[in-house]
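Asker: Quick one: the structure is below, questions incoming.
The values are calculated or read from the model by the stated rules, or taken from the named source; none is laboratory data. Computed from a predicted model, the values in this text were never measured in an experiment. Cβ placement follows ideal geometry from the backbone for every residue including glycine, while neighbour counts extend to all protein chains displayed. Remember, those area values only see protein heavy atoms, side chains included, never the ligands or the DNA or RNA. Shrake-Rupley method; radii C 1.70, N 1.55, O 1.52, S 1.80 Å.
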Amino acid sequence: QVHVVESGGGLVQAGGSLRLSCAASGRTFSNYPMGWFRQAPGKEREFVAAISGSGGDTYFADSVKGRFTISRGSAKNTVDLQMNSLKPEDTAVYYCAADLTIKGLEPLAWDYWGQGTQVTVSS
């Protein structure tokens, strides 16, 4: 299996910034595509951002375009999510996901998931 761990969540005021980090471990011959998803209480998990294995292609939900940036880290199968201009509606548990191949941007398309890290944005 692939083990995924994310970190960096916390409390921040509206307009502030946070950086989330994720690392996926497991045996593979290539870099994993990786993505970020979030789930607020009582709501379905939703796509936030994703990046291809090479880092050459990135994808963002409309709600975070222009505010969030996803990038691959210096270490193999690591990824960062830089969140700027945070809004109260960004409050959620943020999950990192990885897969051997990219099958889609919807949550059900991803096989390996982290435990989640809480992001709370106060107004």
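Asker: Using the structure shown, decide if Thr117 is under 11 Å from the mean Cα position of the chain (by Cα), among the hydroxyl-bearing types (Ser, Thr, Tyr) and over 18 Å from Val5 (Cβ atoms). Before the answer, list the steps.
Answerer: Values: under 11 Å from the mean Cα position of the chain (by Cα): yes; among the hydroxyl-bearing types (Ser, Thr, Tyr): yes; over 18 Å from Val5 (Cβ atoms): no.
Spelling it out, it is not the case that Thr117 is under 11 Å from the mean Cα position of the chain (by Cα), among the hydroxyl-bearing types (Ser, Thr, Tyr) and over 18 Å from Val5 (Cβ atoms).
Asker: Please go through region 32-52 and pick out each residue that is surrounded by 14 or more Cβ atoms within 10 Å (Cβ to Cβ) and farther than 20 Å from Ser7 by Cα.
Answerer: Answer for region 32-52, where residues must be surrounded by 14 or more Cβ atoms within 10 Å (Cβ to Cβ) and farther than 20 Å from Ser7 by Cα: just Ser52.
Asker: Let me ask something else about it. Tally up the residues in region 53-64 that are open to solvent by 20 Å² or more (accessible area, probe 1.4 Å) and more than 11 Å from Asn77 (Cα to Cα), please. Show your work before the answer.
Answerer: Of the residues in region 53-64, the ones open to solvent by 20 Å² or more (accessible area, probe 1.4 Å) are 54-60, 62-63.
Going one step further and asking which of them are more than 11 Å from Asn77 (Cα to Cα), we end up with 56-60, 62-63.
Matching residues across region 53-64 total 7.
Asker: Report, by residue number, each residue of region 82-122 that is charged (D, E, K, R) and not in a helix (DSSP H, G or I).
Answerer: So the first thing to find is which residues in region 82-122 are charged (D, E, K, R), and the list is 87, 89-90, 99, 103, 106, 111.
Answer for region 82-122, where residues must be charged (D, E, K, R) and not in a helix (DSSP H, G or I): Lys87, Asp99, Lys103, Glu106, Asp111.
Asker: Does region 65-90 hold any residues that are among the polar types (S, T, N, Q), open to solvent by 40 Å² or more (accessible area, probe 1.4 Å) and more than 12 Å from the chain's Cα centre (by Cα), and which are they?
Answerer: Residues of region 65-90 among the polar types (S, T, N, Q): 69, 71, 74, 77-78, 82, 84-85.
Narrowing the set further to residues that are open to solvent by 40 Å² or more (accessible area, probe 1.4 Å) leaves 69, 71, 74, 82, 84-85.
Listed by number, the residues that qualify are Ser74, Asn84, Ser85.
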